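Each remark here refers to the structure printed beneath this line.
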Amino acid sequence: MADRVYIFDTTLRDGEQAPGFSMTIEEKIRVAQQLERLGVDVIEAGFPIASEGDFEAVREVAKVVTNCEVAGLARTNDEDIDRAWEALKDAKKPRIHVFIATSPIHMKHKLRMEPDEVLERSVKAVERALSYTENVEFSAEDATRSDPDFLCRIFQAVVKAGVKVINVPDTVGYTVPEEYASLIRKIRTEVEGIDRVIISVHCHNDLGLATANSIAAVKAGARQVECTVNGIGERAGNASLEEIVMLLKTRKDVYGYYTGIDTRQIYPTSRLVTQITGIAVQPNKAIVGANAFAHEAGIHQDGVLKEKSTYEIMKPEDVGVPSSALVLGKHSGRHAFRERVKSMGYNLTEEQLQEAFRKFKALADKKEVYDEDIEALIA
Ligand code: KIV
Ligand code: ZN
């Protein structure tokens with residue numbers, strides 16, 4: 001089985017769908033162009049039937065993107081599929097992404113449909129989408145709360161109809177790694193012709209397991225991961241692109257997979273999404289948070305100054321962060337202080353340095369210390 005994991009970015013669809021994250025068409029185009037620089041395989045640009053704005057955004061993104069596939073989401077009815085195609089038809093590599101819910105809860109309360117009806121509709125929808133493009137993905141919404149046998153039956157039917165990708169979403173972030181992996185294994189074992197299609201995973205982060213679940217599924221045979229920049233998305237968000245990619249890169253020794261992502265574009269992409277949405281990532285967010293490569297504790301700073309790998313498992317440059325930041329605060333030690341003073345151009349005697357360090361410690365007890373504060377206390 002191939003070791004390449006395809007990255008399907010849904011920042012502009014599932015991410016943008018979350019409250020407070022909406023973007024204008026121009027902003028979506030800027031993000032899409034940056035996603036292309038980042039090297040994602042698929043950009044899900046929106047849900048064309050949802051609104052005129054979404055339709056236009058998918059159409060414009062489809063026109064400007066050249067290397068990546070561009071996907072548009074559609075429910076299993078004709079209007080959705082036709083509208084999705086209308087928006088995607090100018091794309092170099094279009095993909096129609098058809099979805100319907102398959103769990104008893106969703107089928108009963110939301111769709112008010114019997115399982116056989118859902119299956120029949122899915123096949124019809126996929127056939128209609130295939131009449132426009134051979135690149136069709138089918139998602140079984142709420143797959144992880146669906147009856148696994150029914151899930152295999154519906155996947156079997158759409159695979160037979162000719163889809164390229166089947167997606168197994170953990171829509172409500174309910175599954176756990178072992179359970180999700182065994183569901184993927186069951187699908188691989190029971191669906192005939194599965195070797196001709198890509199199994200995709202799409203995890204939400206309600207229990208903080210989106211990355212762990214996605215990777216467990218990859219280990220079990222999935223080869224497309226759906227994710228978003230900064231992990232934005234419905235409720236607690238989607239699996240975060242930067243975590244998936246850097247986990248696969250940093251622990252290649254354990255997993256052995258690779259992606260087509262230029263990891264040096266991760267931080268610039270994260271910053272762009274933050275700037276556009278106006279919503280900052282939490283400082284301790286893995287990979288892209290302000291503190292992800294910052295060291296404040298004296299022992300840590302001393303270690304990093306002697307040898308970065310003491311406390312850094314990734315190089316900041318590899319994700320596009322200029323360099324690791326040593327934050328000066330009350331936990332900082334003499335070594336970090338001396339280096340900062342030196343880098344600011346001061347050449348203090350040992351005695352002057354000790355005096356400045358003593359004053360710095362007193363100040364750091366009250367607040368974070370910036371370069372201006374150090375200049376003031378040296379003066
Ligand atoms: O979470 C979900 O199930 C989705 C589907 C539309 C893929 O976003
Ligand atoms: Zn989702």
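Nothing in this text is a laboratory measurement; each read-out follows from the coordinates by a stated rule. Note that this is a predicted model, so its numbers are computed, not measured. Glycine also receives a Cβ, built like all others from the backbone with ideal geometry; neighbour counts cover every protein chain displayed.
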Simple spin-label model, 7 Å along Cα-to-Cβ: residue 127 to residue 274 in nm?
5.0
At most 16 other Cβ within 10 Å, DSSP loop - GluC sites (Glu not before Pro), region 131-217:
134, 192
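Using the 10 angstrom Cβ neighbour count as an exposure proxy, how do 370, 311, 6 rank, fewest first? Don't skip to the answer; put the middle values down first.
Values: 370 11, 311 16, 6 19.
Result, fewest neighbours first: 370, 311, 6.
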Report the trypsin sites (Lys or Arg not before Pro) located in region 275-326 that are in a DSSP loop and have at most 12 other Cβ atoms inside 10 Å of their Cβ, or state none.
none
Highest-MSF residue in the chain out of 345, 72, 256 [GNM, Cα springs under 10 Å]
345
Partner lysines for residue 252 [C-alpha distance under 29 Å; skip if fewer than 8 residues away on the same chain]
164, 186, 219, 285, 306, 308, 315
Specify the angular offset, from 0 to 90 degrees and rounded to the nearest 10, of the alpha carbon long axis of helix 177-190 from the longest principal axis of the alpha carbons in the chain.
30
Add -39500 (n - 2.57) for each DSSP H run of 4 or more in the chain, then divide by its residues: what number comes out at 222 nm, to the nearest 500 deg cm²/dmol?
-13000 deg cm²/dmol
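Quick one: length gained pulling residue 2 to residue 153 fully straight, 0.36 nm per residue minus the C-alpha distance?
51.8 nm
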Identify which of 277, 144, 11 has the largest mean-square fluctuation in a Gaussian network model of the chain, with springs joining Cα atoms closer than 10 Å.
277
Expected vector for region 39-53, Karplus 3J(HN,Hα) from phi with 6.51, -1.76, 1.60 and θ = phi - 60°, integer Hz, x for Gly and Pro, equals x, 5, 8, 9, 10, 7, 8, x, 10, x, 6, 5, 6, 4, x
Calculated FRET value between residue 66 and residue 315, using beta carbons and R₀ = 35 Å, to 0.05
0.70
Which angle between 0 and 90 degrees, to the nearest 10, do you get for helix 350-364 versus the longest principal axis of the chain when only C-alpha atoms count?
50
Provide the gained length on full extension for the span residue 342 to residue 24, in nm with one decimal, where the gain is 0.36 nm per separating residue minus the Cα-Cα distance.
109.9 nm
So how far apart, in nm, are the two label points at residue 219 and residue 188 if each is 7 Å from Cα heading toward Cβ?
1.2
Which whole-number percent is the relative contact order of region 6-277 (Cα, under 8 Å, 6+ apart)?
19
What ranking do 47, 337 get, fewest neighbouring Cβ atoms within 10 angstrom at the top?
337, 47
The extension gain from residue 251 to residue 86, computed as 0.36 nm times the residue separation minus the Cα-Cα distance, is 55.2 nm
GluC sites (Glu not before Pro), restricted to region 316-379: which are DSSP loop and have at most 15 other Cβ atoms within 10 Å?
368
Setting aside same-chain residues fewer than 8 positions from residue 330, which lysines have a Cα under 16 Å from its Cα?
359, 361, 366, 367
Have a look at 150, 126, 174 and report the one farthest towards the positive end of the charge dipole of region 81-185, computed about the Cα centre with Cβ charges (Lys/Arg +1, Asp/Glu -1).
126
Measuring from label point to label point, each 7 Å out along Cα→Cβ, what is the residue 291 to residue 105 span in nm?
3.3
With both partners inside the chain, how many of the DSSP beta bridges are antiparallel, as a percent to the nearest 5?
5
Relative contact order for region 294-378 using alpha-carbon pairs under 8 Å, separation at least 6, rounded to a whole percent?
31
Using only the alpha-carbon atoms, how far is helix 266-277 inclined from the longest principal axis of the chain? Give it as 0 to 90 degrees, nearest 10.
80
Most mobile of 272, 241, 207 in a GNM of the chain (Cα contacts under 10 Å):
207
Using unit Cβ charges (K, R positive; D, E negative) and no other charged atoms, how large, in debye to the nearest 20, is the dipole of the chain about its Cα centre?
680
Of 24, 47, 263, whose Cα points farthest to the positive end of the dipole of region 6-277 (charges on the beta-carbon: +1 Lys, Arg; -1 Asp, Glu; origin at the Cα centre)?
263
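Listing 171, 250 from the residue with the fewest other Cβ atoms within 10 Å to the one with the most, what is the order?
Working: 171 23, 250 16.
Listing 171, 250 from fewest to most nearby Cβ atoms yields 250, 171.
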